[in-house]
1. Within 12 Å, Cβ to Cβ, of Lys81, how many net charges do the neighbouring residues add up to if Lys/Arg are +1 and Asp/Glu are -1?
2. What distance in nm lies between label points placed 7 Å from Cα along the C-beta direction at Glu218 and Lys194?
3. Taking a temperature of 4 °C and a viscosity of 1.567 mPa s, what whole-number D in µm²/s does Stokes-Einstein yield for region 48-87 with Rh from Kirkwood over alpha carbon pairs?
4. Please report, in debye to the nearest 20, how large the charge dipole of region 48-87 is about its Cα centre when each Lys and Arg carries +1 at its beta carbon and each Asp and Glu carries -1 there.
5. Once phi is turned into ³J(HN,Hα) by the Karplus curve 6.51 cos²θ - 1.76 cosθ + 1.60 with θ = phi - 60°, what whole-Hz value does each residue of region 78-92 show in order, with x for glycine and proline?
6. Arrange Leu64, Leu12 by Cβ neighbour counts within 10 Å, fewest through most, would you?
7. What nm value, rounded to one decimal, do you get for the distance between Lys91 and Glu104 when each label is placed 7 Å out toward the C-beta?
8. Considering amide H positions built from the backbone, and no H for Pro or chain starts, which residues 5 or more places from Thr115, or on another chain, come under 5 Å of its amide H?
Amino acid sequence: MTITATTTTSTLAGFMAGRHWIGHAEAAEKFDGAVPRQAALDLLSYPLAEGNVKVEVITEDGVLVIDDPKRKAIVRVDTGKVFNYTALGYKIHQPDEWLLKHMELITDGGLEIGTVAVTKGGALAMLQAELPEARIATAPGAEPVPHRPHFIAATSHDSSIATTYGAGTKVLVCENQLGVASFMKGGLMDVFVKIRHSANSLDRVFEIRQRLGLVVEEIGDAFDLEFRTLVSQHVSDARFYEIVKDFTGEDRAKEGRSKTIATNKGDALRNMWKNDHRVAPWRNSMYGVLAAFNTASHHDGAFGRDEEKRIERNTVRTIEGGWDEFDTNVLRMAGAKLLVA
């Protein structure tokens, strides 16, 4: 099977048996079990090359062509897309090697491929490798939450991010990426390692293996703790509506487009709080607040009418660890109590 990434996001989605991937393009290729290694390899094996940089200047005497000996271009050969103009020391991190093969080295093959995505026409790529079995977060009197801890590897060719390795978890009831232990005392867990595209970058793969080799199991434990802590904190309907107004700025927005956008976001959040099966079971808890905001931002049209652009934004947030920052900001705004480390 050969898959060629286009200018939109191309996605392979694993472990889909009995699940519906809400809010993602139907073009995504889905698998009941893990994504086959060959399918991942095909998607990530697009050709990248370096090119010379020339500048053409129109003068009174004609066209002047200037070579820039200090810069080079990073090009996707099969589409002709120029991703970057960069210094000579920049090293291409080929996605098939840096995402798939290095992931297998770091985890000793103990995980299975859950998601592969290529976005911005190949400028960014990511791979998530997951535990074979989902975990269940529980708390007294609360609906349990199934989630699947994962290891993530991502890279870019447009200098938007360094090659990044880290870990997180995916809540299966809503297919959301969640920041894990966002309020652990002392701040976010140190679960992301970033490697610059430099000549010495290859040597750092073994450092990553030491730092992240066992972190996926720890992430599962951390989310279970976060769930128990947040679900125990009561949030009244009135308090939730205040949080929504603070977040959307409905009361402050000027009449017109800004007011409409803010109101639409507020309506989406209030509806999820009361009626949506991905949020309502945890209504009146701080976890319900997190679930409402995270789910709406992932999937609701009020947070991005263009589905393809919203999917791309979600993918980039996952690659860059942006969901950790988003979730942390929501919990701070809501006044969540710190977790006990």
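Every read-out reported here was derived from the displayed coordinates using simple, explicitly stated rules and does not represent laboratory data. These numbers come from a predicted model, not from an experiment. Positions of Cβ are backbone-derived with ideal geometry, glycine not excepted, and every protein chain shown enters the neighbour counts.
1. Once positives and negatives cancel, what remains is 0.
2. In this crude spin-label approximation the distance works out to 2.0 nm.
3. For these conditions, the coefficient is 116 µm²/s.
4. For region 48-87, the charge dipole is close to 320 debye.
5. Listing the rounded values in order: 6, 10, x, 6, 8, 8, 6, 10, 9, 5, 5, x, 5, 10, 5 Hz.
6. Ordered by Cβ neighbours within 10 Å, fewest first: Leu64, Leu12.
7. Label at Lys91, label at Glu104, 2.1 nm between them.
8. Those qualifying (amide H under 5 Å, at least 5 residues apart or on another chain) are Gly14, Gln128.
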